């Protein structure tokens, strides 16, 4: 009996070892930083969290500070990460910038059906990473899918914009997030967007319906106050990001 038990235990250990090695092999084959141009096969099957880490590792290597808490927590644990008061853009190579654009473009082009499938996979998060995934996919779909009593941001749950928001509610927001949130207020009222980036982002949001007859008269008093709160924070961080900056700096959409 003991021999059978030991044999079974050895078999389980061997299986676990094979799985662990497979994970190591996969990590080595699909790293979070590339010294060559990224290809679609490098991105296929990645989760939103993995895509975000893939993008932001590029900027972390140049000393970028992260307002988003989960990104800050992740990179702060890495021995090589040295945050700077101002990112050293000289450390961003032409290849880095190209790869950041490729990743951001792939991320932005994920269809709603694929995002909805991701959401189903993380509806019952089992780990801190799963919870981050659920937050990210909720943000992309414009609808909160987590527990109703769980803390969330207005980007993850746009219904929170029905009430007055404060600067404190936005402490975790990057400049990219702030631009998205400000335009989310307009999107809820049916505003069409001239920006290809903004328009592409909202295409995955089920409730968004662009109305060519839109005017700012549709904005409520709360909408206007919330826009001003967001703008005040954007201005304190260096001003709202624009598509010109996207072309010049390789992407508000590529960063956190």
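Numbers below:
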quantity: Subset of region 188-220 [crowded, with 17+ Cβ neighbours inside 10 Å, more than 17 Å from residue 256 (Cβ to Cβ) and within 19 Å of the chain's Cα centre (by Cα)]; calculated: 198, 202, 204, 205
quantity: In region 84-120, the residues that are farther than 27 Å from residue 37 by Cβ, surrounded by 11 or more Cβ atoms within 10 Å (Cβ to Cβ) and in contact (Cβ under 8 Å) with a residue 12 or more places away in the chain; calculated: 112, 116, 119
quantity: Residue in region 158-170 that is farthest from the chain's Cα centre (by Cα), counting only those that are surrounded by fewer than 20 Cβ atoms within 10 Å (Cβ to Cβ) and free of Cβ contacts under 8 Å to residues at least 60 places away in the same chain; calculated: 163
quantity: Hits in region 132-154 - residues which are within 15 Å of residue 180 (Cβ to Cβ) and assigned to a helix (DSSP H, G or I); calculated: 135, 136, 137, 138, 139, 140, 141
quantity: Of residues in region 180-201 being modelled with pLDDT of 90 or more and part of a helix (DSSP H, G or I), the one nearest to residue 110 (Cα to Cα); calculated: 180
quantity: Search result, residues across region 119-131 that are in contact with a helix residue (DSSP H, G or I) (Cβ under 7 Å, 6 or more places away or on another chain), in a helix (DSSP H, G or I) and over 23 Å from residue 207 (Cα atoms); calculated: 129
quantity: Unique match (being under 18 Å from the mean Cα position of the chain (by Cα) and at positive phi) among 105, 45; calculated: 45
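Each row is one residue, and each column tells you yes or no for (1) within 23 Å of residue 156 (Cα to Cα); (2) touching a helix residue (DSSP H, G or I) at 6+ places or on another chain (Cβ under 9 Å).
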{"position": "64", "(1), (2)": "no, yes"}
{"position": "74", "(1), (2)": "yes, yes"}
{"position": "104", "(1), (2)": "yes, yes"}
{"position": "114", "(1), (2)": "yes, no"}
{"position": "117", "(1), (2)": "yes, no"}
{"position": "134", "(1), (2)": "yes, yes"}
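The values are calculated or read from the model by the stated rules, or taken from the named source; none is laboratory data. What you see is a predicted model; the values in this text were computed from it and never measured. Please note: Cβ atoms are built from the backbone with ideal geometry, for glycine as well, and neighbour counts cover all protein chains shown.
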